[in-house]
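I have placed the structure first, in the form of structure tokens, so that the comments after it can refer back to it.
The values are calculated or read from the model by the stated rules, or taken from the named source; none is laboratory data. Predicted model only: the values in this text are computed from it and were never measured. Using ideal geometry, Cβ is built from the backbone for each residue, glycine included, and neighbour counts are taken over all protein chains shown.
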Amino acid sequence: MKTTCAAILGLLFAIAPFAPAQEEEPTPKLSLRASDSDVAAEPSVSVSTDRSTDYPKPGTPLATPRPKASPTPATKTTPAPRATATPRPAPAAPAATPRPAPAGKPEAIVRELENRWLAAIKAQDTATVDALVADNYIGVSATGRFMNKAALLAEMKKNKNTYDTTRNSGLTVRVHGDAAVVVGTTRQVGKDATGKAFDNSYRWTDTWAFRNGTWQCVASQSIQVAR
């Protein structure tokens, strides 16, 4: 029993020096490592240490960027004026003209034109007579009727006679510069519109004028004569 008490007392004396130190609040030690909870709460940032292939190698001179060309403002092109075609005047309708006058002296030419006129009456060819007679023609018919060119052509169109023979004779031509006077006789044989036969002779005077390179009849007078 004494031994037991002595052992307890010895233990108490051995522990006594350490009691004050345990009563003091221990000072926390700083830790440089974050706790697991802190690591979980803070977001992690990863930094790649790999070099990108886009960066030039050390020692390589950097290329100077070229300035971008500023766009040139578009210039408006003024369209050239369209060429306008100048309208050409419509050609005038060709007027009826006689066949080319025969070459030779004026006397022979006018004589030939008188024969053409008589042949046109037989064929009832008003176009030829229209070309041989001047527009300002005046004349007196065998019945004493005054006639201009229009009346002469109208009378010819109304003529229903059928001619078997037409012939000029005794033609006398007198030329005075650009004028010619012809005196002659014409015989016409045939049938009228009723079928009655006729044989008529006429004596006449024609006046011709040389105009624009051709001869045209400008005046005439005719009378019927007995055979």
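Identify, from the list THR126, THR143, THR172, THR166, the residue that is under 19 Å from VAL225 (Cα atoms) and touching a helix residue (DSSP H, G or I) at 6+ places or on another chain (Cβ under 6 Å).
Of THR126, THR143, THR172, THR166, the one residue that is under 19 Å from VAL225 (Cα atoms) and touching a helix residue (DSSP H, G or I) at 6+ places or on another chain (Cβ under 6 Å) is THR166.
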**Request:** Would you check if ALA127 is in contact with a strand residue (DSSP E or B) (Cβ under 9 Å, 6 or more places away or on another chain) and either of a type in the set (Gly, Ala, Ser) or loosely packed, with under 14 Cβ neighbours inside 10 Å (or both)?
**Result:** no
**Message:** It is to be established whether one or more residues within the stretch 177-188 are exposed (fewer than 13 other Cβ atoms within 10 Å of the Cβ) and not hydroxyl-bearing (Ser, Thr, Tyr).
**Reply:** yes
**Request:** Return a yes/no flag: does the stretch 123-134 have any residue that is at pLDDT 95 or above, within 18 Å of ALA209 (Cα to Cα) and part of a strand (DSSP E or B).
**Result:** yes
**Asked** Are there any strands (runs of 3 or more DSSP E) wholly within the stretch 138-227 with 3 or more residues that are farther than 20 Å from ALA127 by Cα and at pLDDT 95 or above, and if so which?
**Response** 162-176, 179-191, 197-211, 214-225
**Item:** Residue under evaluation ALA226, criteria (1) more than 18 Å from ILE109 (Cβ to Cβ); (2) in contact with a Phe, Trp or Tyr (Cβ under 9 Å, 6 or more places away or on another chain), criterion not met
**Value:** (2)
